[in-house]
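What follows is one structure encoded as structure tokens, with my remarks underneath.
The values are calculated or read from the model by the stated rules, or taken from the named source; none is laboratory data. Just so you know, these numbers come straight off a predicted model, no measurement behind them. Counting neighbours? That spans all protein chains shown, and the Cβs are built from the backbone with ideal geometry, glycine included. For accessibility, only protein heavy atoms count, side chains too; no ligands or nucleic acids. Shrake-Rupley method; radii C 1.70, N 1.55, O 1.52, S 1.80 Å.
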Amino acid sequence: MASTTDDQAKFYNLSPQERLSQIKDEANLSTSEMAALSGEEGLSINDADHMIENVIGTFSLPLGVAQHFKVNGRAIPIPMVVEEPSIVAGASFMAKLALGTGGFFAQASAPEMIGQIQILDLEDPNAARLKLLSEKDTLLSGAAEVDPVLMKLGGGPKDLEVRLIADSPLGPFLVAHLIYDVRDAMGANAVNTAVERLAPIVERITGGGRVLLRILSNLADKRLARAWVTIRTQDLAFDDFTGEEVRDGIIEAWAFAVSDPYRAATHNKGIMNGVDPIVIATGNDWRAIEAGAHAYAARDGQYKSLSTWEVDADGNLYGTLEMPMAVGIVGGATRVHPGAKACLHMMGLEKASELAEVIVSVGLAQNLAALRALATEGIQKGHMVLHARQVAIAAGAHGQQIDRLAKRLTAEKIVRIDHAKRILDEWSE
């Protein structure tokens, strides 16, 4: 499935049809998968009508493929569904820099999700908590009956935790956490079904407690993915910037995000620029991933950077990223949406943990791309070159006019629709 570096370097200059043909050969895509990715077929309105309510049509976004990625020694084409310019290009370039040290390395923890059971109206919450813990085996056995197939695959309930919420507008209450291994699924349906099953058992054990909410938590802090990468300092140099200047600037920019939540919000948004497009491309729940990521970033009481950047013992740039990553390769839209199925096949991944490892690696790459730009030439230079094409199209340019107009807008450093329209009017006279 891997491409040669020369092939990857030429990928950007190919037409969309030529790029798709190359990916077809690399990933052994079928004719139907090709049609789904190209937009010729894809999600039908009838299939969409079975996915959500009140369907009137479907909505398309660009699907690009990030190049040069090697994760845990394996070269992988990265499908990314995103509307913002510079994201695919930025991630691809950082992945190319990482090839000098073997690419990205990643690891995902067990696919354990948390199901929450809220328990109210307790006369003695502390005594009720001890009762629940003493009946842990009974509760886990009850949860195990929900999905025998998942149990055979090694999944199912793994543990039960009980928390006392002492300070709330309602006064003290308990929350039981069912720790549930969902294997290769995202897991919401399995976990929600399990905690529903446990609700009456919990009420019986607590002797008067009333269960209200029983629902999955999207703060999946027991299902983490971690990625790390080393970039040689000499590979960071470009134009008039030395490798040391770029390296140190990246670390200084990262330190800002660690110390200031206003900066951290945009910093982490840059990470999610790499994460969300793959989550969307594979039919996973990007809203759940976003919620979990930002909650995890604030787990110590202050919202901070999800990534870390430092100088290693050899003077190179070393980065890490850790975040919750509850994604699946079975169930939900991942097995209903033709494009999502094709994207999963394109990457050749066989486990949800592998998908999590790829996603967090791309998130780290995109974070590096943003930090490098901010610490050197500024974020706008590269972004505006690509944004100029969108402005040209919005102004009414067609065919070869698009690139011609985009180049002029960039050269004049006035990337606005009104200016683009004036240039088009000038050309038409």
* Structure fact -> Whole-Å distance linking the alpha carbon centroid of the stretch 40-55 with that of the stretch 127-176 is 37 Å
* **Tally of Lys pairs whose C-alpha atoms are under 26 Å apart, taken over the stretch 47-171, 8 or more apart or cross-chain** => 4
* To do: Starting from the amide H of M323, placed 1.01 Å from N in the peptide plane, find each other amide H under 5 Å away whose residue is 5 or more places distant or on another chain.
  => A225
* Under 21 Å from K341, Cα to Cα: lysines that are on another chain or at least 8 residues apart -> K24, K351
* Asked: Using a 1.4 angstrom probe and counting only protein chains, how large is the accessible area of K407 in Å², to 10?
  -> 150 Å²
* Structure fact -> For the stretch 29-38, in residue order, the Karplus 3J(HN,Hα) values (coefficients 6.51, -1.76, 1.60; θ = phi - 60°; whole Hz; Gly and Pro = x) are 6, 7, 4, 5, 5, 4, 5, 5, 6, 7
* For a quick protection proxy, order the peptides 164-173, 70-79, 15-24 by their average other-Cβ count within 10 Å, most packed first. => 70-79, 15-24, 164-173
* Just for the Cα atoms in the stretch 180-303, what are the lengths along the principal axes, largest first, rounded to whole Å? -> 71, 32, 20
* Can you give the accessible area per residue of the stretch 131-246, in Å², using a 1.4 Å probe? -> 49 Å²
* With θ set to phi - 60°, apply the Karplus curve 6.51 cos²θ - 1.76 cosθ + 1.60 along the stretch 251-258 and write out the HN-Hα couplings as whole Hz, x wherever there is a Gly or Pro. => 5, 5, 5, 5, 4, 4, 5, 6
* Structure fact -> Interchain or sequence-distant (5+) residues whose placed amide H lies within less than 5 Å of the amide H of L120 are R210, V211, L212
* **Estimated vicinal HN-Hα couplings, Hz - the stretch 333-345 in sequence order (Karplus 6.51, -1.76, 1.60; Gly, Pro = x)** => 5, 4, 10, 10, 7, x, x, 5, 4, 5, 5, 5, 5
* Between L212 and K413, what length comes free when the chain is fully extended (0.36 nm per residue of separation minus the Cα-Cα distance, one decimal in nm)? -> 66.6 nm
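With Kirkwood's inverse mean 1/r over C-alpha pairs for Rh, give me the Rg to Rh ratio of the stretch 270-322, two decimals please. Can you show the working numbers first?
On the way: Rg = 13.8 Å, Rh = 12.7 Å.
Using Cα coordinates only, the ratio equals 1.09.
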* Structure fact -> At R0 = 35 Å the Cβ-Cβ FRET efficiency linking T101 and S15, nearest 0.05, sits at 0.60
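At a 1.4 Å probe, what is the % contribution of carbon and sulfur to the accessible area of the stretch 12-71? Show your work: numbers first, answer last.
Working: 1970 of 4050 Å².
Carbon-and-sulfur percentage of accessible area, whole number: 49.
Taking a 1.4 Å probe, which of V146, V358 shows the most accessible area, and what order do the others take after it? Please report the intermediate quantities before stating the final value.
Numbers: V146 35, V358 0 Å².
Ranked from most to least accessible, the order is V146, V358.
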* **Calculated on alpha-carbon atoms, Rg and Dmax of the stretch 107-158 in Å** => 14.2, 44
* Asked: Direction-averaged shadow area of the convex hull around the Cα atoms of the chain, nm²?
  -> 25.0 nm²
* What residues have an amide H closer than 5 Å to that of N72, excluding those fewer than 5 places away on the same chain, when H is modeled at 1.01 Å from N in the peptide plane? -> F104, F105, A106
